[in-house]
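Let me begin by presenting the structure, written as structure tokens, before commenting on it.
The values are calculated or read from the model by the stated rules, or taken from the named source; none is laboratory data. On a predicted model such as this, the values are computed, not experimentally measured, just so you know. Every residue, glycine as well, gets a Cβ built from its backbone with ideal geometry; the counts of neighbours run over all protein chains shown.
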Amino acid sequence: MTGIFVILTICMMTLGAPTQVAAQSIVEGPLVLRVPASARLLGMANAGLAANDADVLFYNPGMLASARGLSLSMQRYGSAATAGSMATVTTVGSITVGIGAQALRWQTPAARYDNAVRFGTTHLADTPRAGSEAASSAFTLGLARTIKGLRLGAAVKYAEDRLREMADGTVAFDVGFSRPLGPATLAITAQNLGAGPRLGGVEAAMPRRIGVGWGGSMSQWEYWDLGMQAQLTVEGDDWFVRPAGGVELGYVPIEGVSILVRSGLRLPRERDESLVTAGLGVTVDRFSFDYAMEPMRGGRPVSHRVGIRLK
């Protein structure tokens, strides 16, 4: 647990410096790669570099070797935007294969393509008229294998932004590895390596991320389980250093049934992103239902995400 307390302490220290919590100064896209991809992990501040659910495909392909099953989730940002994701992981011989898709749709006002504000008021270049619908999507294929105790993974993705007749896509790559360390797992990844899209005459940089995470779960008492995720990432071309971490406390009234409470703390990078997230979950045998709440700043409504997992 030392790692998560260190990261959460850093978050609290940086909270007192408002200049550190600012909008990104570099245009980044495709936009779908900047949104959460898991209801369970969003409840823990979207810290998932060392997670082991199917949707870890979107966080670190190095963890695919220990992931199995199917994950689906959807998130609403007020009435203006909807995001969703799907991932499935299976084994083929000694290789673990992950396949996933992400989608984001929102209504955008007439403005320029930049990322000063996210989602419902995200700006797009040369918007034909106010209220037009924009979309962003990504499709990912990941492969992983364990070699001498080291879990290695790589993923290739095609992602694009689209606004009426304007669209552009790009191919990007993720790499990662993981290995057990103490009671949890150490994971390292580099994501979204490649050239960004160009839409309406404005070129975007890929939302690159390099990070290290440590996480896992452990049984503490007869009826209680405790899990955690902690990570430190360097994001974007502006090298934004971002700590995040969360805990997951599960009550097990009978074997095969868990009731979970989650909470997370992170250093916000987006202008309307919250410092704290929270979530709930219920697991019955191999099926899990998850809910996460992401309070938004700047007067925006609270964002909600729901998801299901099958292992």
| Residues located in segment 191-210, provided they are buried (at least 19 other Cβ atoms within 10 Å of the Cβ) and outside any strand (DSSP E or B) | GLY196, PRO197, ALA204, MET206, PRO207, ARG208
| said: Take ALA47 and tell me if it is crowded, with 24+ Cβ neighbours inside 10 Å and outside any strand (DSSP E or B). | reply: yes
| note | Filtering strands (runs of 3 or more DSSP E) wholly in segment 243-311 for at least 1 residues that are closer than 26 Å to ALA80 by Cβ and among the hydrophobic types (A, V, I, L, M, F, W, C) gives 276-284, 287-294, 303-310
| said: Please go through segment 266-289 and give me each residue that is in contact (Cβ under 8 Å) with a residue 24 or more places away in the chain and polar (S, T, N, Q), ordered by number. | reply: THR277, THR283, SER288
| query | Within segment 211-242, how many residues are within 19 Å of ALA47 (Cβ to Cβ), surrounded by 15 or more Cβ atoms within 10 Å (Cβ to Cβ) and touching a residue at least 24 places away in the same chain (Cβ under 8 Å)? | reply | 20
| message | Pairs please, first residue from segment 251-265 and within 20 Å of MET293 (Cα to Cα), second anywhere and aliphatic (A, V, I, L, M) and outside any strand (DSSP E or B), Cβ atoms under 6 Å, 6+ apart in sequence or on different chains. | response | SER258/VAL252; ARG262/MET44; GLY264/MET44; GLY264/ALA45; LEU265/LEU8; LEU265/ALA45
| Residue match in segment 78-97 (condition: at pLDDT 95 or above, out of contact with any Cys (no Cβ under 9 Å at 6 or more places or on another chain), among the aliphatic types (A, V, I, L, M) and under 24 Å from ALA184 (Cβ atoms)) | yes
